[in-house]
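The values are calculated or read from the model by the stated rules, or taken from the named source; none is laboratory data. All values derive from a computational prediction rather than experimental measurement. Virtual Cβ from ideal backbone geometry, glycine too; neighbours counted across all protein chains shown. Surface areas here come from the heavy atoms of the whole protein model, side chains and all, with no ligands, DNA or RNA. Shrake-Rupley method; radii C 1.70, N 1.55, O 1.52, S 1.80 Å.
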Amino acid sequence: MTVVTMTAALAVEASKARAARTPRAIAAVFVLGVAAICGATLLAVASGDATITAKLGPTASQPGWPGLLSTATQVTAAAGLLAQGVMLSWLVGREFADRTVGALFAQPVTRTTILAAKLVVFLGVAAVTALALVLTVTAVAVATGQGLPGPDEARALGRLVVLVVCSALLTTPCAWAATAGRSLLPGIGLAIGLLAVAQIAVIAGGGAWFPPAAAALWALSPSSVSAASLLGVLPWCLVGAAGAYRAWSVLELDR
């Protein structure tokens, strides 16, 4: 892999991502879905219905920015992991679904360089999605009369950005699964599985030491998760990326 080949691969993969509707659709559904739930929660709390506020829980049922941010973080913790897993599974698995993987063997750029470019583009899309989410949530707050965010709210919004990026890093094993299974579905299935196991880990009390759950817990309450636990996201990401890299390096068109 050289700078020239990586630059060329990045240009091609970025162009493919811009031209495709799927990444935009996934990002739009995720961002607008979170915003809609936040807006609905604010309206429900403002209605003063005790039954509704009881169902929302002690944090989401708070009025104003605190309840909004709690809702946004909780929904993002689950929806973000799933959305990013689907996104990455599509970026990798589409080569098999569209039967274009054979053409990759004839390219002057190595397959592993193409995979690296896909991962970089994926992280770039995740970063843009995170910023779009923060802007949309802020717009919902302003539109519902909550005013502009203060210092505490700005920090919480910053954690929301980190949470989305961490969700993207945590889904790198989905690229491995999509490659091994020669399809989008194994990657998407793994994303669903990670989400389910993360929920179980939180309920069992070990969420702080399970990376897919630790990032969400940190975003909700930074003091509840140590720096070491949060940094566990990085080796998790590297293992997933290394597995995908290995799978692409030995990829054969035998099936």
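Extension gain for the segment Val128 to Ser15, taken as residue separation times 0.36 nm less the Cα-Cα distance, is 39.1 nm to one decimal. Normalised per residue, the accessible area of the chain is 47 Å², obtained with a 1.4 Å probe and no contribution from ligands, DNA or RNA. With 0.36 nm allotted per residue and the present C-alpha distance subtracted, the Ser221-Gln107 stretch has 36.3 nm of extension available. Equivalent-ellipsoid semi-axes for segment 78-205 (Cα gyration tensor, √(5λ), whole Å, largest first): 33, 18, 11. Rg ratio for the chain: its Cα radius of gyration over 2.2 N^0.38 Å, N being its residue count, equals 1.08.
Label-to-label distance for Ala28 and Ala204 is 4.0 nm, based on points extended 7 Å past Cα in the beta-carbon direction. Spacing of the modelled spin labels on Thr2 and Val142, each 7 Å from Cα toward Cβ, amounts to 4.8 nm. Extending 7 Å from the Cα toward the beta-carbon at both Leu43 and Ser249 defines two label points whose distance is 5.4 nm.
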